[in-house]
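The values are calculated or read from the model by the stated rules, or taken from the named source; none is laboratory data. No experiment lies behind these values; they were computed from the predicted model shown. Every residue, glycine among them, receives a Cβ derived from its backbone with ideal geometry; neighbour counts consider all protein chains shown. Surface accessibility is based on the protein's heavy atoms, side chains included, excluding ligands, DNA and RNA. Shrake-Rupley method; radii C 1.70, N 1.55, O 1.52, S 1.80 Å.
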Amino acid sequence: MSEREYEAECEVRERDARDAEGPEREVRQRDVRDAEDRESEPRQRDAREREDGEREVRERDGQVRQAPDGRDQLYERLAAYEGRAAATGGRGKDPVNEPMIRHWCEAMGDTSAAYRGPDAVAPPTMLQAWTMGGLSGHTDGTGRSAAYDEMFALLDGGGYTSVVATDCEQEYARPLRPGDRITFDTVIESVSRRKTTKLGTGYFVTTRTDVRADGEPAGRHRFRILKYRPAQREKPVDPPLRPRPVINRDNAGFWAGVADHRLLIQRCTDCATLRLPWLPGCNACGGAEWDTVEAGGRGTVFSHVVMHHPPFPAFSPSGEGGPYAVALIELAEGVRIVSNVIGVPYDKVRVGMPVHLEFLVTDPELELPVFRASEGG
């Protein structure tokens with residue numbers, strides 16, 4: 001047999017072997033796939049059952065309201081409350097009266113003569129104020145309806161526990177005058193579909209209050225709130241920093257003194273009046289020339305406030321953003337400066353407390369003048 005014939009015969013044998021092996025290999029591969037499918041089917045079934053069970057629990061707890069077809073089931077339940085009463089036959093706690101009008105105008109800075117004197121009327125924007133129940137609510141049984149409470153219970157149960165007022169609209173039918181007796185009815189006018197805002201995801205609820213004065217239509221008030229689930233915010237990895245002071249040409253000398261651990265007070269070279277904070281000119285004589293006097297560092301708390309909200313961890317000794325005291329310190333030189341009081345709990349700071357100056361390094365790039373409560377203070 002020649003070499004060429006031998007190679008041809010080998011090629012034929014290899015082809016015949018492949019042809020014979022093909023069906024057997026296909027059967028083996030199919031058997032493997034069937035075995036894998038049989039093995040994975042229980043796992044897939046368990047996963048589906050576990051997912052269905054978790055979804056059922058979440059839906060029961062109000063955490064998920066998404067139907068398989070994408071419908072928002074919670075919205076559908078909330079929308080059913082549209083048009084239902086939120087308050088019926090409500091009565092204002094007080095008739096329209098001059099003291100409340102005066103307090104309102106003082107708070108708003110409104111000096112209109114229309115709100116004073118024997119022919120005074122109430123500012124139109126006070127419309128809602130005459131319907132409010134105050135901290136104790138409407139104790140005569142005319143407060144919120146059961147439907148209103150049910151709707152809010154649905155929202156709370158769905159995890160939408162936070163609330164923020166967003167806007168209001170008012171319409172006026174007649175002026176309100178001292179002595180008018182106020183009655184009102186409120187309905188749930190609309191509930192929005194689920195919205196995502198910067199605060200979080202939730203639903204806008206609008207109520208409409210029809211206000212009457214001595215039985216006559218006086219106005220209409222729409223009030224809109226957002227009931228939402230707060231967005232999750234990642235906590236910063238780096239510790240919070242205090243805001244940087246704004247340094248300009250008028251106060252640069254003050255901060256240069258702080259860097260040298262000196263509290264410098266401006267002094268007018270024309271009339272010798274001391275001033276703090278720094279100003280470009282004397283507020284006593286108008287003189288533009290000045291020099292500085294270094295404060296001795298002793299003083300007393302002239303007044304103070306305790307900051308509870310919003311939390312600002314950089315100002316709290318604990319770093320949790322809890323309450324901290326901000327005080328107006330009267331220095332022995334007679335000028336005053338706003339600063340923090342340290343060395344004493346925030347609720348122990350009091351007016352007249354003696355304090356002395358220290359310089360606090362709040363971070364590697366900032367040092368501030370603060371005041372420590374003196375012993376025996």
Exercise for review: Quickly work out the T197-to-Q128 label distance, labels modelled 7 Å from Cα along the C-beta direction, and quote it in nm with one decimal.
Suggested key: 1.3
Practice item. Would you please give the FRET efficiency between D110 and L279, computed as 1/(1 + (r/R0)^6) with r the Cβ-Cβ distance and R0 = 35 Å, to the nearest 0.05? Key: 0.60
**Study point:** Percent accessible area from carbon and sulfur atoms, segment 217-364, protein chains only, probe 1.4 Å
**Key:** 56
Check your understanding: In nm, what is the difference between 0.36 nm times the number of residues separating R242 and D214 and their Cα-Cα distance?
Key -> 4.5 nm
Review point. Quick one: accessible area per residue over segment 224-309, 1.4 Å probe, rounded to a whole number of Å²?
Key: 65
**Study point:** Spacing of the two label points (7 Å from each Cα toward its C-beta) at V163 and R77, in nm
**Key:** 1.8
Review point. Excluding ligands and nucleic acids, what accessible area in Å² is computed for K195 using a 1.4 Å probe, to the nearest 10?
Key: 90
Review point. Counting only the heavy atoms of the protein chains, how much of E171 is accessible to a 1.4 Å probe, in Å² to the nearest 10?
Key: 90
Exercise for review: Taking 7 Å along the Cα-to-C-beta vector as the label spot, tell me the A259-Q232 distance in nanometres, rounded to one decimal.
Suggested key: 4.5
